[in-house]
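A single structure is presented below for examination.
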Amino acid sequence: MKFKVCDANGNSISDPTVVFAGTGGQLTMLSAVRGQIPNPDESQYNDIPDVAFRYAGGFWIFNMATSNLNAQTTYTFRINLNYGSVTFTIAIK
């Protein structure tokens, strides 16, 4: 997942202490529901070995391993930011 955090002038913010909330966790699982979302888009495939936030090319990039998640389950997560959040949903086959 890629997302951009900007200042009032549209300039990207790369300082993690400014971007991420100081809540003790940058990622929160909001729900885990048995079953999958209808017709998931499987055109992109990435096998990523860990969870990490990194900054490159003006974007924050989030990588998440899914091997510890349950099959046939849809998960919703929130990335906690200082000013707002980013919510995303994934379905595990």
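Only the coordinates and a few stated rules stand behind these numbers; no lab work does. Here the structure is a predicted model, which is why all the values come from computation and not from measurement.
Which whole-Hz ³J(HN,Hα) couplings does region 56-72 yield from phi under the Karplus relation 6.51 cos²θ - 1.76 cosθ + 1.60, θ = phi - 60°, glycine and proline marked x?
Running phi through 6.51 cos²θ - 1.76 cosθ + 1.60 with θ = phi - 60° gives 7, x, x, 10, 7, 10, 10, 10, 9, 6, 10, 5, 8, 9, 7, 5, 6 Hz.
Which cross-chain or sequence-distant (5 or more) residues have an amide H under 5 Å from the amide H of Phe20, H modelled 1.01 Å from N in plane?
Asn82
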